[in-house]
Amino acid sequence: MMTMDKWGLGLCSVGLLITLLSTDATNMNWDFLSLVTGITFIVAGIVMVRKSAKKAKLKDGGKSS
């Protein structure tokens, strides 16, 4: 696993945690800044993982699954 994969997966997991914790449990109000930040982290992590997978596929000559 390449470093970019690890960083991308880490960003996705942090983004999911931020998204899960972006609501107030007492009155169910959303904190939209935290929600947008979490979604941004998730999207950035997915982009990093896909970019790394594409590089690995090109490096292997398309032989990896």
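The values are calculated or read from the model by the stated rules, or taken from the named source; none is laboratory data. The shown structure was predicted, so the numbers you read here are calculated from the model rather than taken from an experiment. Note that each Cβ is placed from the backbone with ideal geometry, even for glycine, and that neighbours are counted across all protein chains shown. For accessibility, only protein heavy atoms count, side chains too; no ligands or nucleic acids. Shrake-Rupley method; radii C 1.70, N 1.55, O 1.52, S 1.80 Å.
Key figures
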| read-out | value |
| --- | --- |
| Single match in LYS54, LYS63 (criterion: within 18 Å of the chain's Cα centre (by Cα), modelled with pLDDT under 95, basic (Lys, Arg) and open to solvent by 90 Å² or more (accessible area, probe 1.4 Å)) | LYS54 |
| Segment 21-40, subset free of Cβ contacts under 8 Å to residues at least 12 places away in the same chain and among the aliphatic types (A, V, I, L, M), residue nearest to LYS51 (Cα to Cα) | VAL36 |
| Filtered residue count, segment 1-46, keeping only those that are open to solvent by 90 Å² or more (accessible area, probe 1.4 Å), of a type in the set (Phe, Trp, Tyr) and within 8 Å of the chain's Cα centre (by Cα) | 0 |
